[in-house]
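Laboratory data are not the source of any read-out in this text; all were calculated from the coordinates shown. It should be emphasised that the depicted structure is a prediction, and the values quoted were computed from it without experimental measurement. Cβ atoms come from the backbone with ideal geometry, glycine included; neighbour counts cover every protein chain shown.
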């Protein structure tokens with residue numbers, strides 16, 4: 001049995017890695033993060049390549065591929081820490097494709113697939129969604145209330161207030177809906193695929209952070225020896241590899257389940273998001289310890305990855321939220337609650 005990517009998926013991964021490495025060099029990521037903005041030219045280029053609609057049906061302007069291809073892109077976007085509104089747009093596309101009526105699909109999916117009318121997703125607490133990615137530039141916003149009830153809102157019909165998060169490579173806003181919006185059907189299939197996508201981004205963050213740390217451990221010397229020769233450094237690096245590869249395995253299982261065995265997707269997605277959320281925190285915090293004092297400075301790039309991992313770990317449900325869902329799906333808990341954070 002072949003567990004590797006297909007030739008087409010390998011080609012997508014290579015193209016994404018090369019393009020993103022060229023467009024999002026560390027100094028460019030820093031420039032955009034410090035400005036708190038995106039470069040519209042970058043988004044246009046990615047959209048022209050068909051990335052925004054990679055999983056959307058061809059009848060609505062997408063490429064008609066699957067969740068595996070989406071997670072391939074998400075891992076590379078996380079690896080490069082690309083400041084683009086890809087995740088938020090993908091989450092909206094998944095929500096509409098898997099839970100919307102034909103009318104809503106026809107209205108919104110073509111713009112999401114082309115990148116010209118972006119969407120986003122947020123979780124409502126009380127009368128507002130406190131932290132919605134890229135809401136200030138979205139055309140359509142999907143809001144999820146208690147119990148997994150979801151509705152589509154035009155952004156122009158919502159009160160949107162930008163908020164500052166620790167992750168300055170991504171924009172966030174507080175959203176207050178004015179009205180009930182247009183209801184969606186069962187939102188869980190879209191939610192699970194979105195969680196797999198966020199887990200894939202965390203895998204990319206872990207991979208890049210681990211590589212940065214191993215390189216530093218090889219170059220930095222104490223007592224005329226690379227610090228990586230000491231167990232106090234080599235063991236954490238080994239743990240970083242273990243956690244990164246384990247997060248990758250669970251994430252790819254969830255992506256495969258979404259396309260090939262949807263009955264196992266809820267469990268697979270919850271496990272992937274739980275593990276990747278923990279791995280993102282553990283790997284990046286260990287990287288800070290290995291780097292020592294230089295890793296804690298603003299001038300070093302490591303803190304950008306640490307902060308992306310921290311926010312991604314709670315976005316669309318924390319590790320604890322998803323472990324509770326795993327317990328519920330296993331018959332060990334009392335239900336499958338919508339995650340308490342978003």
Practice item. Please list the radius of gyration and Dmax for the stretch 1-125, considering alpha-carbon atoms only, with Å as the unit. Key: 15.0, 48
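Express the relative contact order of the stretch 188-329 as a whole percentage, based on alpha carbon pairs under 8 Å and six or more residues apart in sequence.
Reported relative contact order: 32 percent.
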Study note, to complete from the structure: Here the FRET efficiency for residue 264 versus residue 328, based on Cβ atoms and R0 = 22 Å and rounded to 0.05, is 0.90
Check your understanding: What are the principal axis extents of the Cα atoms in the stretch 188-329, in Å, biggest first?
Key -> 56, 26, 23
Exercise for review: On a 0 to 90° scale, report how tilted helix 319-329 is relative to the longest principal axis of the chain, with both axes built from alpha carbons and the result rounded to the nearest 10.
Suggested key: 60 degrees
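Taking 0.36 nm per residue of separation and subtracting the Cα-Cα distance, what length does fully extending residue 163 through residue 219 add? Before the final figure, lay out each step's value.
Working: separation 56, 0.36 × 56 = 20.16 nm, distance 3.91 nm.
Taking 0.36 nm per residue and subtracting the Cα distance, the gain is 16.3 nm.
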Revision key, fill the gap. For the chain, the longest principal axis of the Cα atoms and the Cα long axis of helix 67-80 enclose an angle in degrees, to the nearest 10, of 50 degrees
Check your understanding: Which FRET efficiency value, to the nearest 0.05, do you get for residue 231 and residue 300 by plugging their Cβ-Cβ distance into 1/(1 + (r/R0)^6) with R0 = 22 Å?
Key -> 0.35
Revision key, fill the gap. Helix-only [θ] at 222 nm, the chain, -39500 (n - 2.57) per DSSP H run of 4+, per residue, nearest 500, equals -18500 deg cm²/dmol
Point to revise | Whole-number Å³ per residue for the convex hull built on Cα positions in the stretch 75-131 | key: 113 Å³
Review point. How much of the calculated P(r) for the stretch 265-322 lies past 15 Å, in percent of all Cα pairs?
Key: 50 percent
Practice item. Would you please state which residues of the stretch 178-193 a label at residue 127 would reach in this model, taking the label point 7 Å out along Cα→Cβ and a backbone N cut-off of under 14 Å? Key: 178-180
Review point. Over its Cα atoms, what ratio of radius of gyration to 2.2 N^0.38 Å does the chain give?
Key: 0.97
Check your understanding: Order of 109-116, 23-30 by packing, highest average Cβ count within 10 Å first?
Key -> 109-116, 23-30
Check your understanding: What angle, in degrees between 0 and 90 and rounded to the nearest 10, separates the Cα long axis of helix 302-314 from the longest principal axis of the Cα atoms of the chain?
Key -> 40 degrees
Review point. How big is the gap, in Å, between the Cα center of the stretch 211-280 and the Cα center of the stretch 115-176?
Key: 30 Å
Check your understanding: Based on the alpha-carbon gyration tensor of the stretch 154-193 and its eigenvalue square roots a ≥ b ≥ c, which shape applies: rounded if a/c is under 1.5, prolate if not and a/b is larger than b/c, or oblate?
Key -> oblate
Review point. By per-residue mean of other Cβ atoms within 10 Å, what is the highest-first order of 269-277, 319-327, 219-227?
Key: 269-277, 319-327, 219-227
